[in-house]
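Remarks on the structure that follows.
The values are calculated or read from the model by the stated rules, or taken from the named source; none is laboratory data. Note that the structure is a prediction, hence the values are computed from the model and not measured. Backbone-built Cβ (ideal geometry, glycine too); neighbour counts: all protein chains shown. Keep in mind that these areas ignore ligands, DNA and RNA; they rest on the heavy atoms of the full protein, side chains included. Shrake-Rupley method; radii C 1.70, N 1.55, O 1.52, S 1.80 Å.
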Amino acid sequence: MTTPKSAADAPAPAIAIRDLVKRYAGEPGSEGKLALKGVSFDVPEGGIFGLLGPNGAGKSTLINILAGLVTKTSGSAEIWGFDIDGNTRNAKRAIGIVPQEIVFDPFFTPYEVLENQAGFYGIAKSLRRSEKLLEAVHLADKRNAYARTLSGGMKRRLLIAKAMVHSPPILVLDEPTAGVDVELRRLLWELVNSLNDDGVTVVLTTHYLEEAEELCDRIAIINHGELIANKPTRELVDMAREKIVAVTVDKDLVAPPQHAAFIKAELAGPRAVEVTYNKDQMSAGQVLAILQEQGLAIEDVTTREADLEDVFVSLTSAA
Ligand code: ADP
Ligand code: MG
């Protein structure tokens, strides 16, 4: 980049998003879908940042606003210090986006796809890196194959190379591994890690907690168009260390049984108790023993791991 992202020397974020709102136009007379309800966060420079959330949360809407593909309703975004409205050209130059949907002309070869993209950015022939990029995404041997003959995984890798043609300092991948097999997922993770090692700030969206956990050093969670968490991965994962044991007891209760070792206990019905505990600190058997000590006879038991949804619930109810 020719211009520093910050006028001062203070470390500026790679991306700064403020009060971003998107309402999609609906049917005439209807309000339309409020896909982003005022989202604000920073993506620090140099890391791998995960934007995690279930389908329909608003992840692609946010990414597509950064990409200039969707018009925001209000709010602002800066990419590498460039406002997406005030300095659109530089903002676009600072970011490479791999869209969720795979689209390119089936009659171009991978080499041509990259050369066309370089032409689009006005990159001089002597400065182009098409061969190197093809090698980096393990497609050198497919250099001259028609895009339509590539497998889904190869197309995804080609899209990553295409997003990197103009050497942006930020790479954004929208659901790079949705619906791909385990082997390709590993390959994509390696690719993302090696780009990050080379200094590229990476943002990826995913609905897999495990993926965000494995790859990202920071995770923001978005749900129903609202940001409900934004934490270092370590802290967030600790919140998923919870496990729940649901028991049916032999008599009606008016209040849930309490114990200092429980994270919480709730009544799901007059005889249905749900105890949340930290699985690193106790076992389901110990939870049952405590309930029995309190005079409850247990008729039925099920346990489950806390999942992303439970993390959501505990985050939204804590707020
Ligand atoms: P995600 O990528 O997290 O799955 P999206 O950003 O694609 O979520 O969608 C967020 C919400 O906005 C969803 O309810 C979706 O149906 C709606 N939506 C997305 N694109 C459009 C559109 N072009 N027109 C109307 N509603 C849309
Ligand atoms: Mg999406």
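Across Arg93, Arg148, Arg218, mean-square fluctuation computed from a Gaussian network of the chain (C-alpha pairs under 10 Å connected) peaks at Arg148.
Quick one: accessible area per residue over the range 197-241, 1.4 Å probe, rounded to a whole number of Å²?
43 Å²
Counting 0.36 nm for each residue step from Phe120 to Glu293 and taking away their Cα separation leaves a gain of 55.1 nm. Computed packing ranks the peptides 42-52, 274-284, 180-190, 122-132 as 42-52, 274-284, 180-190, 122-132, most packed first, by mean other Cβ atoms within 10 Å.
The heavy atoms of Glu293 offer some 150 square angstrom of accessible surface to a 1.4 angstrom probe. Counting heavy atoms of the protein chains alone, Glu115 has an accessible area of about 30 Å² for a 1.4 Å probe.
Ordered by 1.4 Å accessible area with all protein chains kept, Phe262, Phe108 run largest first as Phe108, Phe262.
Here the chain has 49 percent of its accessible surface on carbon and sulfur atoms, given a 1.4 Å probe and all protein chains in place. The label-point distance for Phe108 and Asp197, in a model that sets each label 7 Å from Cα toward Cβ, rounds to 3.0 nm. Seen against the Cα atoms of the chain and their longest principal axis, helix 308-318 is set at about 70 degrees.
For a paramagnetic label modelled on Arg148 (point 7 Å from Cα along Cα→Cβ), amide N atoms under 14 Å away belong, within the range 102-116, to 104-109. Using alpha carbons only, how many degrees (0 to 90, rounded to 10) separate the axis of helix 152-163 from the longest principal axis of the chain? Roughly 60 degrees, rounded to the nearest 10. Within the chain, the proportion of Cα pairs with more than 24 Å between them is 61 percent. Measuring with a 1.4 angstrom probe and ignoring ligands and nucleic acids, Asp197 comes out at about 120 Å² accessible.
Let's test the formula: R0 of 30 Å, r as the Cβ-Cβ distance of Ser74 and Arg304. What FRET efficiency results, to the nearest 0.05?
On the way: r = 40 Å, r/R0 = 1.34.
The formula returns an efficiency of 0.15 here.
Each DSSP beta bridge with both residues in the chain is either parallel or antiparallel, and the antiparallel ones are about 70%.
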